[in-house]
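A.B. asks: Handing you a structure now.
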Amino acid sequence: MRTLSKVLLSIPYLIYMGYVIVFFNPQKLNWVFPDMQSYNLQMSVLAVLMLTSLGIQLRILWSFKNIARSKKVNWTWLQFFFSGIVGLFFIWKKWEEFELLDKAAQES
């Protein structure tokens, strides 16, 4: 997988992490969300971005032919329940590992 693809898929997760940090600092909350309308708009856009990235990741995860089904199921559940952190880990670490395993299994 190319680095540009990784960066593009990581953007929603990085934005999500930024929002989490803002929630731990209530003084900045009024600056980010001046009213409920902007809050709803920002959260809707973030949800669409996260779901799109998650959908792409799951589609590619399930496209690996030579990875055990149980491993795919485990990663699917992890991405659903802990998507903020697991998504970045999957993009930058596990994706390459799964590609190498898939290629090795196809060659043998």
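A.B. asks: Can you spot a residue in segment 36-58 that is under 22 Å from A105 (Cβ atoms) and either without any contact (Cβ under 8 Å) to a residue 60 or more places away in the chain or aromatic (F, W, Y) (or both)? Steps first, answer last, please.
C.D. replies: So the first thing to find is which residues in segment 36-58 are under 22 Å from A105 (Cβ atoms), and the list is 57-58.
With either without any contact (Cβ under 8 Å) to a residue 60 or more places away in the chain or aromatic (F, W, Y) (or both) added as a condition, the list becomes 57-58.
Yes; the residues of segment 36-58 include at least one that is under 22 Å from A105 (Cβ atoms) and either without any contact (Cβ under 8 Å) to a residue 60 or more places away in the chain or aromatic (F, W, Y) (or both).
A.B. asks: Taking segment 61-88 as the region of interest, how many residues are outside any helix (DSSP H, G or I) and exposed (fewer than 14 other Cβ atoms within 10 Å of the Cβ)?
C.D. replies: Within segment 61-88, the first condition is being outside any helix (DSSP H, G or I), and the residues that meet it are 64-68, 82.
Remaining after also requiring exposed (fewer than 14 other Cβ atoms within 10 Å of the Cβ): 65-66, 68, 82.
Matching residues across segment 61-88 total 4.
A.B. asks: Taking the options L54, L46, L58, L14, name whichever one is in a helix (DSSP H, G or I) and over 13 Å from G84 (Cβ atoms). Show your work before the answer.
C.D. replies: Details: L54 fails: over 13 Å from G84 (Cβ atoms); L46 fails: over 13 Å from G84 (Cβ atoms); L14 fails: over 13 Å from G84 (Cβ atoms).
Criteria check complete, one pass: L58.
A.B. asks: Quick one: E97 ticks every box in (1) touching a helix residue (DSSP H, G or I) at 6+ places or on another chain (Cβ under 9 Å); (2) modelled with pLDDT of 90 or more bar one, so which box is it?
C.D. replies: All conditions pass for E97, except number (1).
The values are calculated or read from the model by the stated rules, or taken from the named source; none is laboratory data. Computed from a predicted model, the values in this text were never measured in an experiment. Cβ sites come from the backbone with ideal geometry, for glycine too, and all protein chains shown count toward neighbours.
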